[in-house]
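I have placed the structure first, in the form of C-alpha cells, so that the comments after it can refer back to it.
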Amino acid sequence: MAPANTLPAWSELQAHRDDVAKSFVLKEAFSSDADRFSRFSRTFKAAGSADILFDFSKNFLTNETLDLLVKLAEQAGVERKRDALFRGDKINFTENRAVFHPALRNVGGWDMKVDGVDVMSGPNGVNSVLDHMKDFSEKVRSGEWTGFTGKKLTNIVNVGIGGSDLGPVMVTEALKYYGAPDMTLHFVSNIDGTHMAEALKASDPETTLFLVASKTFTTAETTTNANTAKSWFLEKTGGKGDVAKHFVALSTNEAEVTKFGIDSANMFGFESWVGGRYSVWSAIGLSVALYVGYDNFYKFLSGAHAMDKHFRETPLKENIPVLGGLLSVWYSNFFQAQTHLVAPFDQYLHRFAAYLQQLSMESNGKGITSDGSTAKYTTGAILFGEPCTNAQHSFFQLVHQGTKLIPADFILAAKSHNPIHDNLHQKMLASNYFAQAEALMVGKTDEQLRAEGTPEDLIPHKRFLGNRPTTSILVGDVIGPAELGALIVYYEHLTFVEGAIWDINSFDQWGVELGKVLAKKILKELDEPGNGEGHDVSTGGLIGAFKQFAKI
Ligand code: F6P
C-alpha cells in the first residue's frame, strides 16, 4: 500500500482540517443543526445483548469530514484488510501468522479456516477446547473436581502476564456481579516476589487451583512464578499434594507444559494465530469461565461475535469500530493529539483502560510500515484512563483546561447492578457522565464568568475554552457478559482500523524483546563478580550501587 500520507484523501483531509480548526465550534454545530445527534450516532443492536449507543456527535465531525475519513479508509484498503483478517490470511506478516482470534468466539458457525484447515472442529479445534473448558469449569464449580484432600477448590491463582493476565483480570473484575460467591481469585503477574508471596499468604494448598497461563510457556515471569507456586504447594503439602489436581496449563506449548510437570490432559490449548492481547477469548479465559460460569462465558463470546459480525458486514459509514478508528486517526494525524482517554463511568470496569493499553499500544506502537520504511506520520496514541467519577478528581483538570487536545471516550451503563440508595448513586454517576462531556464541549466563557461576578483577574484562570471532543458510549441496560464482549471487540476493531490506515503490522510486538534479552544477561551478572563493567557508565554505576546496597 502507498504510505497513508500519500493517499489523495489524506491531502484532502489536511486541507479540510485547516477549515475545521479555523471555524468549527462544536456547540455551534449543535445549535445550527438539530439532527446532529442522530446523524452522528450509531446504535449497536444484537440478539442477546442490550443496545449500545455510540454518540460520535461531540467530535470534530461534519458531513464532509465523515465522507473524507471514509474515503481514506477505502483508499487505505480497510475493507480488503478486514476481509483478509476474517479469511485467515497471514496478515501478521513479520511472523507469518494468521490473526484469527474471531474464531475463538465464532458462535455463529462461520466457516473459519487457516491454511485450508477448519479451526473450529477436530480434537484440538476451538469447539473441543470450549467443551473441555465447560466440563472442567462445571466440575470445579460444583465440587466434583476436588483437591488432593477431597476439598472443593475455591481459591484460584492465575499465573500469567500481559495478555495472559490483563484480559482475565479485567473481565473477572468487570463481571464480578456474576462471580461465584464462594470463589476467591488471585492474579499473579509481576516477577516482583511480592506479588506471588501475597497471593500465597492468602491461599490454602488444599483448596487452591493454579492456572498457569502462558501462550508460549517460556515467559520468564510466568515460568518463574509458576515454579515458585509449585515449590510452595509441594512444600506445604509435605510432598503429598497432587500437582495434577491443583495445576492446569493454558498454553500453546505442550512440550514445555509437560516439562513443567503438568499432565497434557490438564492443558487447555490454543493456536499460534491467537495473539496474547486477544487471548481472553481462548483457554486463557478459563479463570473467567470458572468464576462466572461457562454459560456467562459463552454469552461473553456471543456479544463479541455479534460485534465481529457488525464489523465484518456493515458498510464503512455505518460501521461503529470503523468510525471509532477513523476518529482516532483524525485526531492523531491531523490535530496532533497524542493521547486517547477511555473513562468508564463504572467501577466494575476499573481495569478496562489497563487492558486497552496493551491492546492499543502493543498493537500500534510501531513506526515501520509494511514495506519496511519509516512511517512519516504519527501512529499509536497513548491510551490511558481510570473509572469516573474518580478520574474527575485527579487528572480531569488537564483534560478541561490543559494545553493538550485529549479526545475522550466515556462509557456508562443505563442500569446499575447495584441500584442502592434508591438508585441515587446511579443517577449521580449518570449525571456526571453527561456533565463531563457537556462541560468539555460548551466550556465557560468570560461573559458567563463576569455575569457570575468573577473578579477580572480570576477570569483567565476560571475560563473553560470548551470545544473538546468526546465519544459517549451508552449501554442500554447493565453491562453483562454479552455487552462487555461487544465493548472489548469495539476497541479491538478500532485498533485494527487504525493499524490498517497507518499500514503497520498491529499483530507483532518485537518492541518488547530487547529489554527481555538485556535483563537475562544482567541477571547473570548479578551473581558474578564485577560492578557493571561493560555497560554504559550510568547502567554500570546503577548495577554497582545495587550490588553494594543489596549486598549481593
Ligand atoms: O512480552 C509481551 C508478550 O509477548 C505479550 O504479547 C503477551 O501477552 C505476554 O508477553 C505474555 O506472553 P505469554 O502468554 O506467552 O506468557
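Loop-located trypsin sites (Lys or Arg not before Pro) in segment 197-258 (DSSP state not H, G, I, E or B) with no more than 16 neighbouring Cβ atoms inside 10 Å: 240. Within the straight-line cut-off of under 20 Å between alpha carbons, the lysines reachable from residue 230 are 151, 152, 201, 215, 240, 245, 259, sequence neighbours fewer than 8 places apart in one chain being disregarded.
Look at the dipole of the chain built from charges on Cβ: of 538, 164, 210, the Cα furthest out on the positive end belongs to 210.
Please give the Cα centre distance for segment 102-168 versus segment 459-497, rounded to the nearest Å. Cα centres, segment 102-168 to segment 459-497: 30 Å.
Using Cβ point charges alone (K and R +1, D and E -1), the dipole size of the chain about the Cα centre works out to roughly 400 debye. Note on 32, 251, 272: ascending count of other Cβ atoms within 10 Å places them as 32, 272, 251, the fewest first.
Mind running the shape call on segment 442-552? Use the C-alpha gyration tensor, a ≥ b ≥ c as the square roots of the eigenvalues: rounded below 1.5 for a/c, prolate if a/b tops b/c, oblate otherwise. Taking the square roots of the gyration eigenvalues as a ≥ b ≥ c, segment 442-552 is oblate. Relative to the compact-globule estimate of 2.2 N^0.38 Å, the Cα radius of gyration of the chain comes out at 1.04.
Above 20 Å lies some portion of the pair distances; for segment 319-377, what is it as a whole percent of all C-alpha pairs? Intermediate results must be reported in sequence, preceding the final value.
Details: 664 of 1711 pairs.
Result for the distance tail: 39 percent.
With Cα atoms as the point set, segment 1-116 shows a radius of gyration and Dmax of 18.9, 55 Å.
Listed from fewest to most Cβ neighbours within 10 Å, the set 340, 417, 16 follows the order 417, 16, 340.
Restricting to DSSP loop positions (anything but H, G, I, E, B) with no more than 10 other Cβ atoms inside 10 Å of their own Cβ, which GluC sites (Glu not before Pro) remain in segment 426-518? Mind showing how you got there, number by number?
Values: sites: 438, 447, 452, 456, 483, 492, 498, 513; in loops: 452.
Answer by residue number: 452.
Rg/Rh for segment 62-206 stands at 1.10; both radii use Cα atoms, and Rh follows the Kirkwood definition.
For the chain, what does -39500 (n - 2.57) per DSSP helix run (n ≥ 4), summed and divided by total residues, give at 222 nm, in deg cm²/dmol to the nearest 500?
On the way: 22 runs with 243 residues, N = 552.
Mean residue ellipticity at 222 nm (helix-derived): -13500 deg cm²/dmol.
The trypsin sites (Lys or Arg not before Pro) of segment 98-191 that meet both conditions, a loop assignment by DSSP and at most 16 other Cβ atoms within 10 Å of the site Cβ, are 151.
Normalising by residue count, segment 126-270 has a Cα convex hull of 106 Å³ per residue.
A dipole drawn for the chain from +1 and -1 charges on Cβ atoms has a positive end, and of 478, 241, 20 the residue lying farthest that way is 241.
Ranked by Cβ crowding within 10 angstrom, fewest neighbours first, how are 191, 156 ordered? Write out the running numbers ahead of the final one.
Working: 191 16, 156 24.
So the ranking, lowest neighbour count to highest, is 191, 156.
Between segment 365-389 and segment 174-234, the alpha-carbon centres lie 32 Å apart.
What is the sum of charges around residue 76, taking Lys and Arg as +1, Asp and Glu as -1, for the other residues whose C-beta is under 13 Å from the C-beta of residue 76?
Values: positive: 71, 80, 81, 82; negative: 74, 79, 498, 503.
Here the charged neighbours net out to 0.
For residue 444, the lysines whose Cα falls under 26 Å of its own Cα, not counting residues fewer than eight places away in the same chain, are 22, 27, 58, 404, 427, 462.
Pairwise inverse Cα distances across segment 289-352, averaged and inverted, put the Kirkwood hydrodynamic radius at 14.5 Å. Each label was represented as a point 7 Å from its Cα along the Cα-to-Cβ direction; for residue 128 and residue 538 these points are 5.2 nm apart.
Here, each number is a calculation from the coordinates, and none is a lab measurement. Please read all numbers here as calculations on a predicted model, not as lab measurements. Ideal geometry is used to build each Cβ from the backbone, glycine not excepted, and the neighbour counts take in all protein chains shown.
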